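Note sheet for the following structure.
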Amino acid sequence: MALSPENEHPLKAFGWAARDSSGHLSPFKFSRRATREKDVTFKVLYCGICHTDLHTIKNDWGLTSYPVVPGHEIVGVVTEVGTEVTKFKVGDKVGVAGMAGSCGTCANCKNDLENYCPKMIMTYGAKYYDGTITYGGYSDIMVSNEHFVIKIPDNLPLDGCAPILCAGITVYSPLKYYGIDKVGMHVGVVGLGGLGHMAIKFAKAMGLKVTIISSSPNKKKEAMNHLGADGFLVSHNKEEMQSAMGTMDGIIDTVSAVHALLPLIGLLKTHGKLVMVGAPEKPLELHIFPLLMGRKIVGGSCVGGVKEMQEMIDFASKHNIIADIELIPINYVNTAMERLSKGDVKYRFVIDIANSLASFS
Ligand code: NAP
């Protein structure tokens, strides 16, 4: 008979889990494996709340198995390293994002694209090599193979840095891969949430002109004055959208819900690229003629590989990029999820794990 989550491994762990599709999170005792030769064990200090966590606890994609401990924007301090670990030592500031493992032998893994490995194991809600379930960063400790551990530069505060591990890489990677990172290019960012606000910061640091396309007119002032966007279009304002037709080299679409693509394709120049990173639970309608008439591309992108993740963090360090966060205690997490579902956060909730989790154990 399979052991319970609390007893299957030697290291006692404590976190908050959702038990069903109500998505309600509550205290959860489980365990983690003992530090193996190539493992890094760390005390979790902060964990960001990504909309993917919300999709997962609510089972929006029909893929969730419960109980699930979410969290893949995890940062902390190393407490133990395995005998064969070469990149990290006790006391280092580190992070783990969405990946817990990959096959290491396929073409994607060999090309630093572990994120596209068909056998990639996610940080939470997946089956690890030993058959046990992975649990994420809404918890006190993490154990990870060092390959999937990221070094956090000293100049970045850990709380503001946590969201970069997912929200940051998810927008950085497509800007680079799709070549919409050249100084002076005009990029649109659809949806001003966690990913969207990181997209402004990375794109501005790359020297791009950035226009936000948002369903929330009340976000305009802050997008322009505080986040540094160059333009702001309200997606349901036909005149505003019309005025920007054919002006953009690329668009990063971060929207978490079903929405219209046709007006976005209209914003692209000839050869423009619309890159989908948001993950709505239902398919979107794609009109083909506007793509033909301008050789336009609609593509996708999912986080980034480990090498690119370190490159992205080093870029963030050089340009002092961190997320704008609202730091919350763990017992606020259900309210935070409710607010996130309404777009009521500027711009990422981060859970203060070290200072709040223990009081509920
Ligand atoms: P978020 O903070 O909730 O931001 C999403 C934004 O989308 C909202 O702030 C809102 O911006 C807009 N939006 C929401 N509902 C909308 C609707 N019905 N119509 C139009 N716009 C709407 O979420 P996030 O953490 O940035 O994540 C965004 C999406 O990316 C999620 O689906 C998440 O699962 C996915 N994701 C994908 C990857 C990947 O690797 N591809 C990685 C992480 C997350 P406005 O108010 O400005 O319109």
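The values are calculated or read from the model by the stated rules, or taken from the named source; none is laboratory data. These numbers were taken from a predicted model, which means no experiment stands behind them. Here the Cβ is made from the backbone with ideal geometry for all residues, glycine too, and neighbour counts use every protein chain on show. Remember, those area values only see protein heavy atoms, side chains included, never the ligands or the DNA or RNA. Shrake-Rupley method; radii C 1.70, N 1.55, O 1.52, S 1.80 Å.
For this structure, a couple of remarks:
- Looking at Leu291, Leu267, just one residue is without any contact (Cβ under 8 Å) to a residue 60 or more places away in the chain and either of a type outside the set (Lys, Arg) or in contact with a Lys or Arg (Cβ under 6 Å, 6 or more places away or on another chain) (or both), and that residue is Leu291.
- You will find that of Ala260, Ala279, Ala323, the residue that is surrounded by fewer than 15 Cβ atoms within 10 Å (Cβ to Cβ) and in a loop (DSSP other than H, G, I, E, B) is Ala260 and no other.
- Residues (in a loop (DSSP other than H, G, I, E, B) and under 20 Å from the mean Cα position of the chain (by Cα)) located in the stretch 181-205: Asp181, Gly191, Leu192, Gly193
- Within the stretch 331-360, residues that are open to solvent by 30 Å² or more (accessible area, probe 1.4 Å) sit with their Cβ atoms under 8 Å from residues that are within 16 Å of the ligand (Cβ to nearest atom) and among the charged types (D, E, K, R), at 6+ positions apart or across chains, in these pairs: Lys346/Glu222; Lys346/Asp324; Lys346/Glu326.
- Exclusive hit being open to solvent by 10 Å² or more (accessible area, probe 1.4 Å), of a type outside the set (Lys, Arg) and modelled with pLDDT of 95 or more, set Ala199, Ala126: Ala126
- Residues located in the stretch 225-238, provided they are more than 23 Å from the chain's Cα centre (by Cα) and either surrounded by fewer than 18 Cβ atoms within 10 Å (Cβ to Cβ) or of a type outside the set (Phe, Trp, Tyr) (or both): Asn225, Asp230, Gly231, Leu233, Val234, Ser235, His236, Asn237, Lys238
- Residue check for Val210: open to solvent by less than 60 Å² (accessible area, probe 1.4 Å), modelled with pLDDT of 95 or more and part of a strand (DSSP E or B): yes
- Of the strands (runs of 3 or more DSSP E) that lie entirely inside the stretch 31-120, those containing 2 or more residues that are under 14 Å from Tyr138 (Cα atoms) span 39-48, 74-81, 93-96.
- For Ile49: the one exception among (1) crowded, with 22+ Cβ neighbours inside 10 Å; (2) among the β-branched types (Val, Ile, Thr); (3) closer than 20 Å to Tyr128 by Cα: (3)
- Residue check for Ile49: within 16 Å of the ligand (Cβ to nearest atom), in contact with a Lys or Arg (Cβ under 8 Å, 6 or more places away or on another chain) and among the hydrophobic types (A, V, I, L, M, F, W, C): yes
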